[in-house]
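The values are calculated or read from the model by the stated rules, or taken from the named source; none is laboratory data. Everything quoted here is computed from the prediction, not taken from an experiment. Here the Cβ is made from the backbone with ideal geometry for all residues, glycine too, and neighbour counts use every protein chain on show.
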Amino acid sequence: MGQIEWAMWANEQALASGLILITGGIVATAGQFAQWYLGAYSMYPPAAHPSFRAAGVLICLLEYPRGKRSKGSTMERCGQKYLTRAVKVFGPLTSNYYIRAFLHLGLSVPAGFLLATILGTACLAIASSIYLLAAIHGEQWTPIETKPKERPQVGGTIKQPPSNPPPRPPAEARKKPSEEEVAGVPVGGPQENPMPVTDEVV
Amino acid sequence: MGNLFVNEGLSIFVISALALARAPAACLNFNCMLILLPVCRNLLSFLRGSSACCSTRIRRQLDRNLTFHKMVAWMIALHTAIHTIAHLFNVEWCVNARVNNSDPYSIALSDIGDKPGETYLNFARQRIKNPEGGLYVAVTRLAGITGVVITLCLILIITSSTKTIRRSYFEVFWYTHHLFVIFFIGLAIHGAERIVRGQTAESLLKHKPRECYQNISQWGKIKDCPIPEFSGNPPMTWKWIVGPMFLYLCERLVRFWRSQQKVVITKVVTHPFKTIELQMKKKGFKMEVGQYIFVKCPVVSRLEWHPFTLTSAPEEDFFSIHIRIVGDWTEGLFKACGCDKQEFQDAWKLPKIAVDGPFGTASEDVFSYEVVMLVGAGIGVTPFASILKSIWYKYCNKAPNLRLKKIYFYWLCRDTHAFEWFADLLQLLETQMQEKDNSGFLSYNIYLTGWDESQANHFAVHHDEEKDVITGLKQKTLYGRPNWDNEFKTIGSQHPNTRIGVFLCGPEALAETLNKQCISNSDSGPRGVHFIFNKENF
């Protein structure tokens, strides 16, 4: 289990928990379920339920952009780049997994007091503990950024014009530049003559 | 009809939320029965073998067992959601009725059971109001506790089974999936406390709800309406799931027994780019082309089984698998086999291996055509290693029923890393074919679909050399994707009036392309060339 990035699983679990919390909140509101009354009221349109939905939505928004894996390529979730930008803005608040673990733990506690949302509590608590494990292993949330494709610069590596453009004399002439060659006349070859030979041009 | 009467008392009481909970519960019974069956792979092998009378197409459906397992899992998730939500309503309303926060009929029905000698209808006996009342029911009732626990197990199983986690962190997926044991045990005892109650049959005869609901205060005082009696419905789920649970237990026992059988590693070959080949022998092991096995190495992990396609032919006296080193388990296997050491390893140092299988429908169809086109994309080329080797053995031994005369092999690859061990095989076949003077038997085309400019320069410079620069084979590597239209037309014109089998092991998009090409390039009449598409489920 050495290569596991716990954050990946924590992310899936937290996203699922967010959805469950939203569902629980909707069910509780739709059924007009009783809530803990603060003060003298009871059984009135519950004020707590929209806050569960809001917490659920917040968790979903936070968890939707998948973090970059430290090894290998990461599959982005569909349409996540807009949320990535938003989540990135918060800097260490969102990239540190300790903070995320405690945030999820904190959000899970109030949901534990209503039957419709206790499943959300349990799932969030588990997600929080996996995030804690990830944080202990030193993982961090890094945004997936698409690198702009580097188009190879045409001519970027060419610093000087070519030194020997065509038309070129044959290879042998090029190897030993001599005075005859300057005029462009091909010389026989790199041959060492035992006796001096003079070229008699008539 | 009988059921309706028995439950009528309760269903009037809690409106339709109970029906909305009972319906998915019934579906859940069925789905939980089904979900264990597709993963009993030894059972499926047995069915496959014993149904040899059925056509291959029917038997091939057994290869899609994992797809079926996933679909049933989604159904279980859906029904669990509906069931849970419906019961949330039920609990809320039952508790409300108990604390006199409901209509008089419900309150009266809830009060029954308080006096001695009465049987109760409303399972919430304590008068604790919501929201604590609901929570109290959830933590004190067996159905509540088991419900929460098994739903939690289900959620954990689902979140750890997503594609990302499965592909990259297999151990998390595998170990978390074993929570299904708790799931099934919880499911079996979920209804044991019988808190869903209804009027007993005898009570229905004496106290008819439709007539008596008008005068609640008279119940027990007038002759027509005695106090109704209730009893709990017996749990039904265990009857559905006990069979598959037993079958799965047998499956695990068979796997365990198979894992105890001796498997000897006869040879370990390290190939470049992190691939190793294990050649093994096991007594009584019979394989066919295109099958796969599950391998366990207790030294690396005591519980994990991993599937690998067999790359050897049935005609060989050993069986082999090629393993790419990508994760924890394969790294562990790499080290256990001593592949990281340079010197020769003694045979006794090789680790003990357990093998389960072989599984999968054999690709015997390949041998029933005269001309075949084999297309393998990326890692999908692995089963073709087995097929090509087997074809070659059959050809050499002049097997009488080998109709195969010509093979067109297409290998589509993104990078050159995967070439190595398979290229060796192709090289071997190339040499052997030349010796047999039949270099036309196998014509292969390797397409490098992912190349960049620097590679292209390299290819262009070495274009004229005799052997290909990447594979070392005589037939050159081609770059980019094949032009299927051209390929099909060429092959069609070279083999008129034949049935050509097209076999693919690769992605869905390619399957659709090839299927369309097969259809458009086949002649309409019975004479003429016909391309028949077979997608292999390796």
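Out of the residues in the range A:12-33 that are buried (at least 20 other Cβ atoms within 10 Å of the Cβ) and among the β-branched types (Val, Ile, Thr), state the one that is farthest from the other protein chains (Cβ to nearest Cβ).
Within the range A:12-33, the match that is farthest from the other protein chains (Cβ to nearest Cβ) is A:Ile22.
Just give me the residues in the range B:324-356 being in contact with a Phe, Trp or Tyr (Cβ under 6 Å, 6 or more places away or on another chain) and under 14 Å from B:Leu278 (Cβ atoms), in sequence order.
Passing the criteria: only B:Ile325.
Looking at the range B:391-407, can you tell me whether even one residue there is touching an Asp or Glu at 6+ places or on another chain (Cβ under 6 Å) and not in a helix (DSSP H, G or I)?
The answer is yes, given that some residue of the range B:391-407 is touching an Asp or Glu at 6+ places or on another chain (Cβ under 6 Å) and not in a helix (DSSP H, G or I).
What's the total number of residues in the range B:251-271 that are in contact with a Leu (Cβ under 8 Å, 6 or more places away or on another chain) and not assigned by the TED database to the domain that holds B:Ile293?
Final tally of qualifying residues: 1.
Restricted to the range B:352-370, and to residues that are within 19 Å of the chain's Cα centre (by Cα) and not in a strand (DSSP E or B), which residue is surrounded by the fewest Cβ atoms within 10 Å (Cβ to Cβ)?
The residue in question is B:Ala362.
Out of all the residues in the range B:191-202, is one or more assigned to a helix (DSSP H, G or I) and either more than 20 Å from the chain's Cα centre (by Cα) or more than 11 Å from every other protein chain (Cβ to nearest Cβ) (or both)?
Yes, some residue in the range B:191-202 is assigned to a helix (DSSP H, G or I) and either more than 20 Å from the chain's Cα centre (by Cα) or more than 11 Å from every other protein chain (Cβ to nearest Cβ) (or both).
Filter the range A:67-87 for residues that are touching a residue at least 24 places away in the same chain (Cβ under 8 Å) and within 14 Å of chain B (Cβ to nearest Cβ); which is surrounded by the fewest Cβ atoms within 10 Å (Cβ to Cβ)?
Among them, the one singled out is A:Lys71.
Taking the range B:207-240 on its own, how many of its residues are over 51 Å from the mean Cα position of the chain (by Cα), farther than 18 Å from B:Tyr120 by Cα and either not assigned by the TED database to the domain that holds B:Phe123 or not in a helix (DSSP H, G or I) (or both)?
6
Residues that are modelled with pLDDT of 85 or more and either among the polar types (S, T, N, Q) or under 26 Å from the mean Cα position of the chain (by Cα) (or both): find the helices (runs of 4 or more DSSP H) completely inside the range A:52-132 holding 1 or more of those.
A:97-111
Scan the range B:159-173 for residues that are within 16 Å of the chain's Cα centre (by Cα) and among the charged types (D, E, K, R) and jot them down.
B:Lys163, B:Arg166, B:Arg167
Enumerate the strands (runs of 3 or more DSSP E) found wholly within the range B:254-351, keeping only those where 2 or more residues are of a type in the set (Lys, Arg).
In the range B:254-351, B:275-282 are the strands (runs of 3 or more DSSP E) which contain 2 or more residues that are of a type in the set (Lys, Arg).
Look at the range B:117-162 and say how many of its residues are β-branched (Val, Ile, Thr) and in contact with a Gly (Cβ under 8 Å, 6 or more places away or on another chain).
Within the range B:117-162, residues that are β-branched (Val, Ile, Thr) and in contact with a Gly (Cβ under 8 Å, 6 or more places away or on another chain) number 5.
Taking the options B:Thr146, B:Thr159, B:Thr164, B:Thr151, name whichever one is touching a residue at least 12 places away in the same chain (Cβ under 8 Å), within 26 Å of B:His178 (Cβ to Cβ) and within 9 Å of chain A (Cβ to nearest Cβ).
Within the list B:Thr146, B:Thr159, B:Thr164, B:Thr151, the selection yields B:Thr151.
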